[in-house]
1. Below 15 Å, Cα to Cα, which aspartates and glutamates can residue 333 reach? Residues fewer than 8 away in the same chain don't count.
2. Going down the table (164/503; 415/468; 166/455; 121/368; 325/455), which pairs top 32 Å between alpha carbons?
3. Compute the distance from the alpha-carbon center of region 37-97 to that of region 265-316, in whole Å.
4. Calculate how many DSSP beta bridges within the chain are antiparallel, expressed in % of all such bridges and rounded to the nearest 5.
5. Excluding residues on the same chain fewer than 8 positions from residue 434, give the aspartates and glutamates whose Cα lies under 13 Å from its Cα.
6. Decide, for region 395-473, between rounded, prolate and oblate: order the square roots of the alpha carbon gyration tensor eigenvalues as a ≥ b ≥ c, take rounded if a/c falls under 1.5, and otherwise choose prolate if a/b is larger than b/c, else oblate.
7. How large is the dipole of the chain about the Cα centre if only Lys and Arg carry +1 and Asp and Glu carry -1, each at its Cβ, rounded to the nearest 20 debye?
8. Determine by what factor the alpha-carbon radius of gyration of region 278-510 differs from 2.2 N^0.38 Å, reporting the quotient.
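Every read-out reported here was derived from the displayed coordinates using simple, explicitly stated rules and does not represent laboratory data. Values in this document were obtained by computation on a predicted structure and should not be read as measured data. Positions of Cβ are generated from backbone atoms using ideal geometry, with glycine treated the same way; all protein chains shown enter the neighbour counts.
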Amino acid sequence: MLWRISREMMASRCYKTTIRLMAAAPNLIHSEAPDHKRYFFTHLGLTERLLERCLGEALSAGGEFADLYFEAVTSMSLGMDEGIVKTAAQGISVGCGIRVLSGERTGFAYTDDLSPERLLKAARTAALIANGPQTQRVQGFTETSTPSLYPVAGATADAEVAAKLKLIERANKAARDFDPRITQVRASINDELRRILIAASDGTFASDTQPLARLNVSVIAKDATGSNGFGSTARGTSGGGGRIALDFFEGSKSPEHFAREAARTAILQLGAIAAPAGEMEVVLGPDWPGVLLHEAVGHGLEADFNRKKTSAFAGLIGQKVASPKVTVVDNGKMPGRRGSLNVDDEGNATQETVLIENGILRGYLSDKLSSRLMNMPNTGSGRRESYQAIPMPRMTNTYMLNGDDLPSDIIKSVKRGLYAVNFGGGQVDITSGKFVFTASEAYLIEDGVVTAPVKGATLIGNGPEALKYVSMVGNDLALDEGVGTCGKAGQSVPVGVGMPTTKLDRMTVGGTGH
């Protein structure tokens, strides 16, 4: 199957639900409990006794493990088009997903009604789906210590609508002021505050409050002086964010910064020539080109694909899968990053996981199920889109570590090739490792000098093979601006990508030029 990661604006979704408020048992609300746990007890009426009853019901038909995933999300989106606010939505989503594992079989049910009756019914439903021969008792809860990788107080979700509206107004003005050939501007800001609580039969008890925000700018540029008499049209996009407070957009990552970057890209494409085609040297720029690493390698290193032996990397731990210059890590502990999490969606602390070290495959990204079935460490990589979905191994922030080469020396080493600075997205076949990526900003390299911008360039290759041709790695590692959204099995989650300037001695480039 083909998974995609995209920088395009995600469609906002608005949920409506009725929340039943119940009195919490006073003796179960501990004064030292973090705010995110107290929210579920005081506002949604949960008690530890109710959680134990639900887990007991979930294991009543047999099973080795059961967990409860409670979620409460408030979200807002504002969109401006042609200088007019055309979209404004505010949403609330509350519910619980209940999972039971028996061998490789999973029983799952969810409800948006958190009354004891509906929760117990959902638990019984999951139990009957996954019924197995083994019955496991519910262990006493041990609370996971939650780090603090991102702000909760002052998060964008708490900001006034007027403050958010001002941000997209500034972006709209900056893009239009950049060049008179910018004819259309769209700007939007989307944010959410997600509260989660996880309780499991193995004693897991964890909670977190997760802010997330993203500002996007998309423009269209038109040049009426084209040789065909109709002129040319080009698009440009930019954006950024993360698990941040609103003042993030008042520094170097301002609305003006993203607007000018979108406009610059569009204007650049107006004068671009057709990309050449054929096998050639390719230099990947720092930052967002890490999306190629995410797609071509990252998905293939998720444990579920390797457990089912559908990944090109299955059975290759300890073997050489890339150039000795390549070291790839997945790190969910980076403060404020879009892909970071204090705890994953199974209640485990996230961590930094070395996937490929000096070209040698060291491990996979795993969740509780894959960890148990494959007898491997749990890397805290269990993620889900919402309470309506089951967790699976997913990436967080995935990037290649720095090398020793100067970026300028990398460019100088290329006789004729392509310099790919930015990508619009891509796709990969997990089983074969084959990928196709479209470059949204790329240039020719001729005799060691970056020359003309090109359009219509695609990079075509095989992930495990492509990394073997890495001959130079720069010392300028950068992560993306905070725009990545990764899709897998119908679920989308926020992620980060990154890499330093990297040279591949061989790669197939698709284009219509010479």
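1. 208, 344, 345, 352
2. Long pairs (Cα-Cα over 32 Å): 164/503; 166/455.
3. One Cα centre to the other: 34 Å.
4. Percentage antiparallel, nearest 5: 90.
5. 295, 465
6. In terms of gyration-tensor shape, oblate.
7. On the way: 55 positive and 56 negative charges, 176 e Å.
Using Cβ point charges on Lys, Arg, Asp and Glu, the chain gives about 840 debye.
8. After normalising by residue count via 2.2 N^0.38 Å, the value is 0.98.
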